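A.B. asks: Before we start, here is the structure in question, set down as structure tokens.
The values are calculated or read from the model by the stated rules, or taken from the named source; none is laboratory data. All values reported here derive from a predicted model rather than from experimental measurement. Heads up, the Cβs are rebuilt from the backbone with ideal geometry, glycines too, and the neighbour counts pull from every protein chain shown. Just so you know, the surface numbers come from the protein's heavy atoms only, side chains and all, with ligands and any DNA or RNA stripped out. Shrake-Rupley method; radii C 1.70, N 1.55, O 1.52, S 1.80 Å.
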Amino acid sequence: MLGLSIIWMIFAACFLALVPLKIFSSFFAIAFVESYIFLWISGVIIGAIMILCCFAKIKIKNIDVRKNFFLGLISIALTVGFGWCTSTYFCDTSKYDFAWQPLLMSILSILSCITFILAAITFFAGKNMFSYASFFLFCPVLWFILLMIMYLSIYNNNPDVYEISLTAGLSLFLIYNTQIFSTSSTSNNTKLMFFFGIPSVILSACHCIPTVINYFANNGISEVSASTCMIELLLSCYIVLILAEAHKQIHEPKEPNIRSISIR
């Protein structure tokens, strides 16, 4: 069994190897980085990380909801991100297979705002607010599922492989993230969060950082794409923080079970 520290080191090495190349390629057009060879290499690396996560030594099946200032802060940032996304979809004039798709994305964006407001309160107060409103846990999941449908159905003959893989990874991570607040599974939820979370962070940085930079540099990136990438980047920060919290709880010393003895 591999220790989580090794997984983190491999993740850091892969992140530093792949992400800067993708960022430089968006400005200087490095042919190798845009080739299928680099795509296959990236896929093999991410697949290897997922396999290693399967063998990680993770003792706890789920983590406890506790106070965490940084998770509360990133939840507020995600609320702002979904708010921005709501306005961009209302104003979007792109061609979709179904006219209701941008409207539904706007509605799910609003509901996802509520989700992360509740998450922020949960992490600031250390009290699970989703025990009273578990429906909102699934709104970001539905948002990403619809986003993937839009990527596959929109008038686009060359869908971005990084974009589709990222959307799938984030959707699956969010499904298991819901179990933190509403435990209903006997599977090792913490391991599955590492399994889908770490590759999603790498894919998010590879795809979203160049997109956001190009948007602010006025290089022809639409506001819909920029707001979506901003959400994905913020969510990758959330993933790193929640996995760090999981790492902390996994390595906490457990109190020994003491059996009471009555003396007569």
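A.B. asks: Checking the a/c ratio against 1.5 first, then a/b against b/c, what shape does the Cα gyration tensor give for the range 8-128? Numbers along the way, then the final one.
C.D. replies: Details: a/c = 2.19, a/b = 1.12, b/c = 1.95.
Oblate.
A.B. asks: Which values of log₁₀ I(q)/I(0), to two decimal places, follow from the Debye formula for the range 16-78 at q = 0.22 Å⁻¹ with a uniform point scatterer at every Cα?
C.D. replies: Results for the range 16-78 at q = 0.22 Å⁻¹ read -0.90.
A.B. asks: On to the next question. Counting each DSSP H run of 4 or more residues in the chain as -39500 (n - 2.57), what helix-only mean residue ellipticity at 222 nm follows after dividing by all residues, to the nearest 500 deg cm²/dmol? Please list the in-between numbers first.
C.D. replies: Details: 8 runs with 183 residues, N = 264.
The helix-only estimate for the chain comes to -24500 deg cm²/dmol at 222 nm.
A.B. asks: Give me D for the chain in µm² s⁻¹, whole number, from Stokes-Einstein with Rh from the Kirkwood sum over alpha-carbon pairs, 20 °C and 1.002 mPa s. Can you show the working numbers first?
C.D. replies: Details: Rh = 19.6 Å.
After rounding, the answer is 109 µm²/s.
A.B. asks: So which chymotrypsin sites (Phe, Trp or Tyr not before Pro) in the range 1-51 are both in a DSSP loop and have at most 10 other Cβ atoms within 10 Å of their Cβ? Please list the in-between numbers first.
C.D. replies: Numbers: sites: Trp8, Phe11, Phe15, Phe24, Phe27, Phe28, Phe32, Tyr36, Phe38, Trp40; in loops: Phe32.
Sparse-neighbourhood loop chymotrypsin sites (Phe, Trp or Tyr not before Pro): Phe32.
A.B. asks: Hey, what's the chain come to in accessible area per residue, 1.4 Å probe, Å²?
C.D. replies: Value for the chain: 52 Å² per residue.
A.B. asks: What distance in nm separates the simple spin-label points at Ser222 and Asp64, each placed 7 Å from Cα in the Cβ direction?
C.D. replies: 4.7
A.B. asks: Rounded to the nearest 0.05, what FRET efficiency do Cys91 and Ser182 give with R0 = 25 Å and r taken as the Cβ-Cβ distance? Could you check?
C.D. replies: Working: r = 34 Å, r/R0 = 1.38.
Here the calculated transfer efficiency is 0.15.
A.B. asks: On the full set of protein chains, 1.4 Å probe, figure out the accessible area of Phe124 and give it in Å² to the nearest 10.
C.D. replies: 80
A.B. asks: Additional query: So if each residue of separation counts as 0.36 nm, and I subtract the Cα-Cα distance between Trp100 and Phe28, what length gain in nm does that give? Present the calculation step by step, with values, prior to reporting the outcome.
C.D. replies: Values: separation 72, 0.36 × 72 = 25.92 nm, distance 3.83 nm.
Contour length minus Cα-Cα distance gives 22.1 nm.
A.B. asks: Let me ask something additional. Over the chain, what relative contact order in percent results from Cα pairs under 8 Å that are six or more residues apart?
C.D. replies: The value is 25 percent.
A.B. asks: With a point put 7 Å past each Cα toward its Cβ, work out how far Leu152 is from Met9 in nm, to one decimal.
C.D. replies: 3.9
A.B. asks: Shifting gears a bit: Of the options Leu39, Phe181, Met150, report the single residue whose Cα projects farthest towards the positive end of the charge dipole of the chain (beta-carbon charges: Lys, Arg +1; Asp, Glu -1).
C.D. replies: It is Phe181.
A.B. asks: With respect to the cross-link table entries Lys67/Lys248; Lys22/Lys248; Lys57/Lys127; Lys22/Lys191, which display a Cα-Cα separation exceeding 23 Å?
C.D. replies: As for pairs spanning more than 23 Å Cα to Cα, those are Lys22/Lys248; Lys57/Lys127; Lys22/Lys191.
A.B. asks: If amide H atoms are built 1.01 Å from N in the plane of the peptide, which residues on other chains or at least 5 residues away come under 5 Å of the amide H of Ala56?
C.D. replies: Under 5 Å from the amide H of Ala56 lie the amide H atoms of Leu2, each far enough along the sequence or on another chain.
A.B. asks: Ignoring ligands, DNA and RNA, what percent of the accessible area of the chain is carbon or sulfur (1.4 Å)?
C.D. replies: On the way: 9400 of 13710 Å².
Percent of accessible area from carbon and sulfur atoms in the chain: 69.
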